[in-house]
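Student: First the structure, then my questions, so here it is.
The values are calculated or read from the model by the stated rules, or taken from the named source; none is laboratory data. As the structure is a computational prediction, the values presented were derived from the model and not from experiment. Cβ atoms come from the backbone with ideal geometry, glycine included; neighbour counts cover every protein chain shown. For accessibility, only protein heavy atoms count, side chains too; no ligands or nucleic acids. Shrake-Rupley method; radii C 1.70, N 1.55, O 1.52, S 1.80 Å.
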Amino acid sequence: MIRFAVSVIALLCPLALAAAQTPPSTTPPSKPAVRKAATKPKAPAVKSPEPANAGPCRLGVISVIGEHYSVQKFGVTIFEAEADEVPIDWGLDDLVFARVRAATNNDPSVRRIAYPKGAFEPFYHAKAIFIPDPKESLPVIVKSFTANTNCDRYLVATTFKSKLPNSNMTLNGIGTYNQGLGKIIRHSHIFANVAITLIDGRSYEEIKRPFVNFGANFAASMRLTEDPLNKLDNSLFPDPPAAASASAALRERTRALITDRLDRGLPGYLKED
């Protein structure tokens, strides 16, 4: 029995020694689980602001005055007249809208209305001579592109032709002219023939203002001297005519004249019935 126990011990000793000499396992210990941060609750969706043209439209503003500038020369006779139309980008239509907004104390129900390119060609280049064609009238043209704007009224700014005082010469729209004899005795001026038309947004009938600003217009006609806003130094008259579009001085003088005309005329058109 003792001999058997000694044999077992002799057998187990090498195994114990081998176990003691076995290197430790190289397997890296598992990393502790990382706790995920709690998900923050989503903020409630913010409602988009109302579009700029939301809400009622009391007055829609349509300006068609700012695409061309007239450069005209006059001599003693009609045969010495020269006229050119120069394309410009002076923001004159923006100016009209700005002056209407100013006259209405920035009323948010006053909107600028866009129109298709060429929409007013029938008005400016009417084919009818003796009998007016309704298709060439402002109410019909405005109705053609405002079906979804739903404004109570529309204020339309356009240009027109007028006669040069004491002559048969025609001043076309907005521009400048130079008049005189030869190349020495000459004088220059700027002009702004701007018309305002009111149109009912439901019936599309023109709203007449026969005596609007009568007092101011009468006083202007009785001036003994020319309005200084109309005078232009000969050195500023564009020569050649195409130079007009790049003239900063001519641009600012013209904008000042239009601003004066609008600020004097708009209150009469904007008053409530």
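Student: What number of residues within the range 92-117 satisfy the criterion of being touching a residue at least 60 places away in the same chain (Cβ under 8 Å) and not in a helix (DSSP H, G or I)?
Tutor: Here the count works out to 1.
Student: Which of the residues belonging to the range 149-166 are polar (S, T, N, Q) and either at negative phi or open to solvent by less than 50 Å² (accessible area, probe 1.4 Å) (or both)?
Tutor: In the first step, residues of the range 149-166 are kept if they are polar (S, T, N, Q); the result is 149-150, 158-159, 162, 166.
Within the range 149-166, Thr149, Thr158, Thr159, Ser162 meet the criteria.
Student: Here is a further query. Pick out the one residue from Gly175, Gly268 that is within 30 Å of Ile113 (Cα to Cα) and at pLDDT below 95. Steps first, please.
Tutor: Details: Gly175 fails: at pLDDT below 95.
Going through Gly175, Gly268 in turn, just one is within 30 Å of Ile113 (Cα to Cα) and at pLDDT below 95: Gly268.
Student: Still on this structure, please answer the following. I'd like the residue in the range 121-171 that is among the small types (Gly, Ala, Ser) and part of a strand (DSSP E or B) and, out of all such residues, is nearest to Ile65 (Cα to Cα). If you could, list the steps in order and put the result at the bottom.
Tutor: Let us first name the residues in the range 121-171 that are among the small types (Gly, Ala, Ser), namely 126, 128, 137, 144, 147, 157, 162, 167.
Add one more test, that the residue is part of a strand (DSSP E or B), and what stays is 157, 162.
Values: Ala157: 7, Ser162: 15 Å.
Filtering first and then ranking leaves Ala157.
Student: If you check Ala128 against the conditions, is it modelled with pLDDT of 95 or more and among the aliphatic types (A, V, I, L, M)? Spell out the reasoning first.
Tutor: Numbers: modelled with pLDDT of 95 or more: no; among the aliphatic types (A, V, I, L, M): yes.
Here the answer is no, as Ala128 does not meet what is asked.
Student: Still on this structure, please answer the following. Look at Pro87 and say whether it is modelled with pLDDT of 95 or more and either hydrophobic (A, V, I, L, M, F, W, C) or open to solvent by 20 Å² or more (accessible area, probe 1.4 Å) (or both).
Tutor: Against the criterion (modelled with pLDDT of 95 or more and either hydrophobic (A, V, I, L, M, F, W, C) or open to solvent by 20 Å² or more (accessible area, probe 1.4 Å) (or both)), Pro87 qualifies.
Student: Take the residues in the range 225-273 that are hydroxyl-bearing (Ser, Thr, Tyr) and touching a strand residue (DSSP E or B) at 6+ places or on another chain (Cβ under 8 Å); name whichever of them is nearest to Val71 (Cα to Cα). Don't jump to the end; show me each part of the working.
Tutor: Taking the range 225-273 as the starting set, the residues that turn out to be hydroxyl-bearing (Ser, Thr, Tyr) are 225, 235, 245, 247, 254, 259, 269.
When the remaining residues are screened for being touching a strand residue (DSSP E or B) at 6+ places or on another chain (Cβ under 8 Å), the result is 245, 254, 269.
On the way: Ser245: 10, Thr254: 12, Tyr269: 30 Å.
Per the stated criteria, the residue is Ser245.
Student: Out of Tyr204, Tyr177, Tyr115, which single residue is open to solvent by 40 Å² or more (accessible area, probe 1.4 Å) and of a type in the set (Ser, Thr, Tyr)? Before you say what the answer is, go through the steps one by one.
Tutor: Numbers: Tyr204 fails: open to solvent by 40 Å² or more (accessible area, probe 1.4 Å); Tyr177 fails: open to solvent by 40 Å² or more (accessible area, probe 1.4 Å).
Among Tyr204, Tyr177, Tyr115, only Tyr115 is open to solvent by 40 Å² or more (accessible area, probe 1.4 Å) and of a type in the set (Ser, Thr, Tyr).
Student: For Ala81, all conditions in the list (1) among the small types (Gly, Ala, Ser); (2) surrounded by fewer than 20 Cβ atoms within 10 Å (Cβ to Cβ); (3) at pLDDT 95 or above; (4) closer than 30 Å to Leu232 by Cα hold save one; what is the number of the exception?
Tutor: Going through (1) among the small types (Gly, Ala, Ser); (2) surrounded by fewer than 20 Cβ atoms within 10 Å (Cβ to Cβ); (3) at pLDDT 95 or above; (4) closer than 30 Å to Leu232 by Cα one by one, Ala81 breaks only (3).
Student: Just one of the numbered conditions (1) free of Cβ contacts under 8 Å to residues at least 40 places away in the same chain; (2) farther than 30 Å from Asp239 by Cα; (3) open to solvent by 40 Å² or more (accessible area, probe 1.4 Å) is not true of Ile141; which one?
Tutor: Checking Ile141 against (1) free of Cβ contacts under 8 Å to residues at least 40 places away in the same chain; (2) farther than 30 Å from Asp239 by Cα; (3) open to solvent by 40 Å² or more (accessible area, probe 1.4 Å), the one that fails is (3).
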